[in-house]
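To start, the structure under review is shown below, and the notes come after it.
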Amino acid sequence: MKIAMVGTGYVGLVSGVCFSDFGHEVICIDKDPRKIEMLERGEVPIYEPGLDEVMARNVAAGRLSFTGDLASAVAGADAVFIAVGTPTRRGDGHADLTYVMAAAEEIANALTGYCVIVTKSTVPVGTNRKVADAVRAANPAADFDVASNPEFLREGAAIDDFMRPDRVVVGVETDRARDVMADIYRPLFLREFPIVYTDLESAEMIKYAANAFLATKITFINEMAMLCEKVGADIKAVSKGMGLDGRIGNKFLHAGPGYGGSCFPKDTSALARIGQDYASPCAITETVIAVNDKVKRRMIDKLVDLCGGSVNGKTVAVLGVTFKPNTDDMRESASLTIVPALVGGGAKVRVVDPQGRREGEALLPGVAWVEDPYDAVAEADAVLLLTEWNEFRALDLSRIAKAMATPRMADFRNIYPVEDVQGAGFEAYIAIGRKGFGLED
């Protein structure tokens with residue numbers, strides 16, 4: 001089948017590349033000529049493990065190409081996917097549909113025959129019907145159907161998630177559209193991965209409900225971590241004991257400095273606004289948003305305590321600033337709350353991140369970027385583990401402690417056992433929901 005993918009951001013590029021690996025002819029479209037030039041040179045503008053290899057393989061096979069010309073790409077396409085950004089709209093928390101609707105109108109004017117227009121972007125309930133209205137208004141003669149096909153890709157594991165999904169959700173209203181979507185996902189159907197067909201509204205809602213529930217699990221365990229610190233319990237033991245219950249499961253029960261990234265913050269915000277608009281408030285989701293903000297701010301207080309009540313004049317080494325490992329995504333990362341607070345408090349901050357510098361230099365002014373963690377901790381007053389990159393999971397703790405001016409560690413991902421840190425010569429250690437040492441002395 002011929003597929004046009006409008007947008008070469010994270011979702012669009014990963015989806016387009018993977019569809020081409022299914023054997024489809026895919027053209028990825030973007031208005032940014034610099035991005036198209038990069039892609040045509042074989043360069044991937046985002047960091048996603050394995051994406052460059054799959055992309056190169058399908059370009060070489062002639063199944064995948066890139067263009068800035070939407071009209072030529074859409075002409076003759078069996079399906080056109082809209083995979084543009086839907087950021088939080090400034091001022092009210094709604095998803096901004098400007099790019100989605102603009103793409104719909106442009107697609108309408110380029111259609112040459114029957115086509116399924118598929119919304120891959122995360123959009124509020126009712127958006128696909130608005131897309132259909134926009135297409136009809138722009139081109140009353142257009143022969144098309146709309147479909148909702150939300151993505152469930154984890155950054156850092158997106159290729160595997162696409163090729164081996166827990167489920168594929170497809171919202172359609174006609175048999176004709178369903179047949180096209182079935183052909184597109186036929187390789188997954190043959191391997192018996194679940195494909196869930198629903199109406200448009202249910203497909204749109206599934207995406208928001210799923211992300212809000214996962215954000216709730218993260219926020220719940222972070223709230224329990226705060227309580228564990230007060231009562232003397234260990235959140236890792238609590239998480240394990242909870243996660244072994246089959247009704248709960250162990251995923252997304254790892255305490256940390258709050259959720260971030262491209263999905264959870266904007267999707268919980270949008271869901272809360274949808275609930276308000278329909279006079280059916282999502283009170284749990286609204287509380288999750290508030291508690292997550294509180295969790296991020298609490299990290300600052302913990303760091304100040306670690307540094308003796310003030311970070312002014314202190315040197316702090318920060319290991320990891322992306323919102324999670326195996327991505328270069330900085331969106332809504334806890335580092336964007338914590339690091340500026342350190343700099344604003346007078347600290348000298350050194351940052352190490354395997355992939356975060358490209359975005360981080362603009363987002364974190366006033367910090368020094370260092371390539372090696374051992375260089376970052378030299379004569380530092382504190383070291384903060386903020387993103388659990390593999391590079392930071394097996395550090396020589398004794399070497400770090402000896403290199404620091406005052407060996408103090410904030411382990412906000414609970415990577416290291418307390419006894420290992422203490423045995424390495426650190427004088428103080430704090431974590432999330434676990435008993436540390438040194439501060440009470």
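The values are calculated or read from the model by the stated rules, or taken from the named source; none is laboratory data. These numbers were taken from a predicted model, which means no experiment stands behind them. Positions of Cβ are backbone-derived with ideal geometry, glycine not excepted, and every protein chain shown enters the neighbour counts.
A few points about this structure:
- Only residues that are more than 25 Å from the chain's Cα centre (by Cα), over 24 Å from T127 (Cβ atoms) and in a loop (DSSP other than H, G, I, E, B) were counted across segment 160-194, and they come to 2.
- For segment 370-379, the condition holds for no residue, the condition being that it is buried (at least 18 other Cβ atoms within 10 Å of the Cβ), assigned by TED's automatic domain parsing to the domain that holds L439 and in contact with a Ser or Thr (Cβ under 8 Å, 6 or more places away or on another chain).
- Conditions (1) surrounded by fewer than 17 Cβ atoms within 10 Å (Cβ to Cβ); (2) in a loop (DSSP other than H, G, I, E, B); (3) at negative phi; (4) at pLDDT 95 or above; number of the one not met by D441: (4)
- The listed residues are V84, V26, and the only one of them that is farther than 22 Å from R164 by Cβ and in contact with a strand residue (DSSP E or B) (Cβ under 7 Å, 6 or more places away or on another chain) turns out to be V84.
- Test: residue in segment 114-128 that is assigned to a loop (DSSP other than H, G, I, E, B), in contact with a Phe, Trp or Tyr (Cβ under 8 Å, 6 or more places away or on another chain) and aromatic (F, W, Y): yes
- Qualifying residue in segment 387-403 (condition: surrounded by 22 or more Cβ atoms within 10 Å (Cβ to Cβ), hydroxyl-bearing (S, T, Y) and part of a loop (DSSP other than H, G, I, E, B)): yes
- Subset of segment 73-117 (residues that are surrounded by fewer than 16 Cβ atoms within 10 Å (Cβ to Cβ), within 30 Å of D52 (Cβ to Cβ) and touching a residue at least 40 places away in the same chain (Cβ under 8 Å)): G76, P87
- Unmet requirement for A378, which otherwise passes all of (1) farther than 29 Å from K240 by Cα; (2) part of a helix (DSSP H, G or I); (3) in contact with a helix residue (DSSP H, G or I) (Cβ under 7 Å, 6 or more places away or on another chain): (2)
- Among (1) over 30 Å from E379 (Cβ atoms); (2) surrounded by fewer than 17 Cβ atoms within 10 Å (Cβ to Cβ) - the single one V288 does not satisfy: (2)
- For segment 376-394, the tally of residues that are out of contact with any strand residue (DSSP E or B) (no Cβ under 8 Å at 6 or more places or on another chain), among the hydrophobic types (A, V, I, L, M, F, W, C) and under 23 Å from P257 (Cα atoms) stands at 1.
- From the list A215, A137, A233, the one residue that fits, being in a helix (DSSP H, G or I) and closer than 30 Å to K296 by Cα, is A215.
- Residue count, segment 196-210 (criterion: outside any helix (DSSP H, G or I), surrounded by 14 or more Cβ atoms within 10 Å (Cβ to Cβ) and touching a Lys or Arg at 6+ places or on another chain (Cβ under 7 Å)): 1
- Of everything in segment 316-329 that is crowded, with 24+ Cβ neighbours inside 10 Å and outside any strand (DSSP E or B), the residue that is farthest from the chain's Cα centre (by Cα) is G320.
- Any pair with Cβ under 8 angstrom, 6 or more apart, that starts in segment 247-265 at a residue that is within 21 Å of D411 (Cβ to Cβ) and ends at one that is surrounded by fewer than 17 Cβ atoms within 10 Å (Cβ to Cβ) and of a type in the set (D, E): G258/D293
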